1. In square nanometres and to one decimal, what's the mean projected area of the convex hull around the Cα atoms of region 25-158?
2. Relative contact order for region 25-158 using alpha-carbon pairs under 8 Å, separation at least 6, rounded to a whole percent?
């Protein structure tokens, strides 16, 4: 029995690794490192809003929610009027570190820690494997002065948020 267990365990590990390898495109850590490299480019090379091109890394459902939330209906302010990746309207990002928890099936969590204008900032990305590759299914911020309960992009948009409806953090 022990011999079979010893043979099955490596096989199961290989199957999980093969499933991750079958997901096309870059892995979640590479995606987030690439995303923040754009924020650290010299000002003459940095785009005005790095967010626009990064929507391609969202799942289809999050991209649809985000696009609607960043559109200003009838001259009103949009629901999302800040750069969600920098957690601010302006950015001067430095000292980026990216870490990941071990992948779990078709999901992964990646945490980006950096300074934005010397203010320590954390953004947590929930990834899911899709036929198009790894995509951000949600992003969150830990509890802070601005978001005492934490922040989940999906929950915030889904609530059509106001000051009375705080968004919960992804568990």
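Just so it is clear, none of the values below were taken in a lab; they were calculated from the coordinates. Computed from a predicted model, the values in this text were never measured in an experiment.
1. Numbers: hull surface 35.1 nm².
Projected over every direction and averaged, the Cα hull of region 25-158 covers 8.8 nm².
2. On the way: 208 pairs, mean separation 29.7, N = 134.
The value is 22 percent.
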